[in-house]
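Just below is one structure, and these are the notes that go with it.
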Amino acid sequence: MKFTKKYEQYLGGEREKGLPLVGLKKLKKLLKACRREIEAPQRLYEHVQIRETSASIASVESNKCHGSCPVCDGTFFPSLLEEISAVVGCFNERAKKLLEMHLESGFKKYLLWVFGKSSSSHSFLIQEGKDLVTYAIINSIAMRKILKKYDKLHHSTQGQAFKAKAQNLHIEILQSPWLCGLMAFYINLRKSKVDNKAPLELFGDCSLTFDDDKPSISCYLFESMRVDIDLTCSICLETVFDAVSLNCGHIFCYMCCCKAASVTIINGLDVASLDKKCPLCRREGVYPGAVHLEELNVLLSESCPEEWEKRRQFEREERIRQAKEHWDFQCRAFEIRGGPNDNEKSY
């Protein structure tokens, strides 16, 4: 079954939930309108039965839509931008709420359940996590399919350029900082209790794998589509420890991130300068608002306990050392400015 039919089947259930979606059919209609504009001159030539010469062929080709197109650019890209922005915003909000609800405890957790009108059952949490991961991946595939069709029709790379723009605007859903945490959340819950035997339908499965000691977390859809997220920190080249996801979606160890952003672990990433770049994609302003992947940390600590304990001991010593340096610096700065007693004497 082609992706479009599978996507339409998926939309049938999601429309009832009122979630924003990538309107594949509507966007294809916009492209068809452009195609009619492109093919109109060619049909005119065929109607008057002009003999095809090299000159006439060149004339027809000149009417084809190459690169920028007012028919598409005025409707297609604004519509797609609006739809994918709504999808990413909805996914981030729901994923954040679900993870916070699961990680919180006591009275705050109770309030989240009550005011969020959500079930606290184990089966509900698993299903919600599964649905959100499916929602993210299938809408991302829909966006890529329609952009590929745009480029094929226009003989251009405008679709690829839009994907780059989406990444810069942080609306590429597969680069959402919440996606990896949500996949780890699903695996953790599935491991803690046996899931029901209901058919998985679109959703394949999520898994943590170690190929050549290199960890990655994967998710399958339709038994053929797969998303892989590498869990090796590209700074220290080790399995990520105390993992954080930057706004661009790249994952690093928290301490490595602090070094890359030239901030201390005491101050944290939120005070990082906006001109500091991601070590991988080189985008700026990605450190403030970085997401701690607590569910991923739980998953990795249980999957490789010995290595995790070694890293925990090492980083504990390093954090203590940095904390001492930080407070020694603050004390020296205070002494240079003069303590309270000095100020009182001056009066």
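The values are calculated or read from the model by the stated rules, or taken from the named source; none is laboratory data. This structure is a prediction, so every number in the text was calculated from the model and none was measured. No Cβ is skipped: glycine too gets one built from the backbone with ideal geometry, and neighbour counts run over all protein chains shown. Each accessible area value is taken on the protein alone, full model and side chains, heavy atoms only, with ligands, DNA and RNA left out. Shrake-Rupley method; radii C 1.70, N 1.55, O 1.52, S 1.80 Å.
Specify the residue that is surrounded by the fewest Cβ atoms within 10 Å (Cβ to Cβ); the eligible residues are those in the stretch 149-171 that are part of a helix (DSSP H, G or I) and over 20 Å from the mean Cα position of the chain (by Cα).
Residue satisfying both the conditions and the ranking: Lys152.
Please work out if Ala260 is within 22 Å of the chain's Cα centre (by Cα), over 19 Å from Lys214 (Cβ atoms) and open to solvent by 20 Å² or more (accessible area, probe 1.4 Å).
Judged against the criteria, Ala260 is a match.
Just one of Tyr186, Tyr150 is under 23 Å from Glu100 (Cβ atoms) and not hydrophobic (A, V, I, L, M, F, W, C); which is it?
Tyr186
Mind checking whether some residue in the stretch 39-47 is part of a helix (DSSP H, G or I), modelled with pLDDT of 50 or more and surrounded by fewer than 16 Cβ atoms within 10 Å (Cβ to Cβ)?
Checked the stretch 39-47: at least one residue is part of a helix (DSSP H, G or I), modelled with pLDDT of 50 or more and surrounded by fewer than 16 Cβ atoms within 10 Å (Cβ to Cβ).
Within the stretch 293-347, considering only helices (runs of 4 or more DSSP H) that don't extend past its boundaries, which have at least 2 residues that are at pLDDT below 80 and under 30 Å from Lys97 (Cβ atoms)?
Correct list: empty, since no element meets the threshold.
Rundown of residues vs (1) farther than 22 Å from Ala260 by Cβ; (2) out of contact with any Leu (no Cβ under 7 Å at 6 or more places or on another chain), yes/no style:
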{"residue": "Val286", "(1), (2)": "no, no"}
{"residue": "Ser301", "(1), (2)": "yes, yes"}
{"residue": "Cys304", "(1), (2)": "yes, yes"}
{"residue": "Glu307", "(1), (2)": "yes, yes"}
{"residue": "Phe314", "(1), (2)": "no, yes"}
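Which one is modelled with the lowest pLDDT, of the residues in the stretch 66-88 that are exposed (fewer than 13 other Cβ atoms within 10 Å of the Cβ) and of a type in the set (Gly, Ala, Ser)?
The extreme case among them is Gly67.
With respect to the numbered conditions (1) out of contact with any Asp or Glu (no Cβ under 8 Å at 6 or more places or on another chain); (2) open to solvent by 20 Å² or more (accessible area, probe 1.4 Å), which one is the sole condition not fulfilled by Phe252?
Failing condition for Phe252: (2).
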